[in-house]
Amino acid sequence: MAEHLAGTHEVVSKDHWPRARRREARQQRVVAELLAAGRSVVVDNTHPAPEDRASLVALAREAGVPVRAVWLDTPPEVCLARNDARTGRARVPLVGVHATRARFVPPSAAEGFDRVDVVRHVPPPLPPGDGRGPGAGAPERRTV
């Protein structure tokens, strides 16, 4: 999602500062500065609960700009597989993945968002004739 918005928004993520102390405070400061400068901002982080999102909603309100949540609704098994594919510091310890999932509350307009968009995970299409996709059981056609 951040890559999609990078052309029109400043992307702020605590992942940009992996070794920094007080990353949350730094994120708040950077977002406030960008909003004050009139920039559009996307915050690319996991904020599983309303209390984690509240300060960002407040920053947007203070700046007088609309605030939108984009919930990437991804099945747990996909999250785990993506995490397994990561290496080094990019891989999140499993306890962290499970703890974040346990705290998750879907974002809502009641938190102060002007809009909540839900992007659902769509599995990639299966190849024809694999026994599970469209055309399953049909003979493979070849042109000679």
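From (1) more than 25 Å from Val119 (Cα to Cα); (2) modelled with pLDDT under 95; (3) surrounded by 11 or more Cβ atoms within 10 Å (Cβ to Cβ), pick out the condition that doesn't hold for Val12.
(1)
Is there any pair with a first residue in the stretch 23-34 that is more than 12 Å from Ser13 (Cα to Cα) and a second that is at pLDDT below 90 and of a type in the set (D, E, K, R) whose Cβ atoms are under 6 Å apart and which are 6 or more apart or on different chains, and what are they?
From the stretch 23-34, the pairs are Leu34/Glu10.
Filter the stretch 91-123 down to the residues that are closer than 22 Å to Val42 by Cβ, in a helix (DSSP H, G or I) and under 15 Å from the mean Cα position of the chain (by Cα) and list them by number.
Hit for the stretch 91-123 is Thr100, nothing else.
Would the stretch 42-51 turn up any residue that is surrounded by 15 or more Cβ atoms within 10 Å (Cβ to Cβ), over 20 Å from Arg103 (Cβ atoms), modelled with pLDDT of 95 or more and hydrophobic (A, V, I, L, M, F, W, C)?
The answer is no; no qualifying residue exists.
Among the residues of the stretch 19-66, write down those that are under 19 Å from Arg115 (Cα atoms) and touching a Lys or Arg at 6+ places or on another chain (Cβ under 7 Å).
Within the stretch 19-66, Asn45, His47, Pro48, Ala49 qualify.
Is there any pair linking a residue in the stretch 93-106 that is within 13 Å of Pro50 (Cα to Cα) to one that is of a type in the set (A, V, I, L, M), with Cβ under 6 Å and at least six apart or on different chains, and which?
Within 6 Å, the pairs are Arg103/Ala49; Val105/Ala49.
Return the residues of the stretch 109-121 that are touching a residue at least 12 places away in the same chain (Cβ under 8 Å) and either surrounded by fewer than 13 Cβ atoms within 10 Å (Cβ to Cβ) or out of contact with any strand residue (DSSP E or B) (no Cβ under 9 Å at 6 or more places or on another chain) (or both); say none if nothing qualifies. Show your work before the answer.
Applying the first criterion (touching a residue at least 12 places away in the same chain (Cβ under 8 Å)) to the stretch 109-121 yields 111-121.
Gly112, Arg115, Asp117, Val118, Val119, Arg120, His121, listed by residue number.
The values are calculated or read from the model by the stated rules, or taken from the named source; none is laboratory data. Since the model is a prediction, treat every value here as computed from it, not as a measurement. We place every Cβ from the backbone using ideal geometry, glycine too, and count neighbours over all the protein chains shown.
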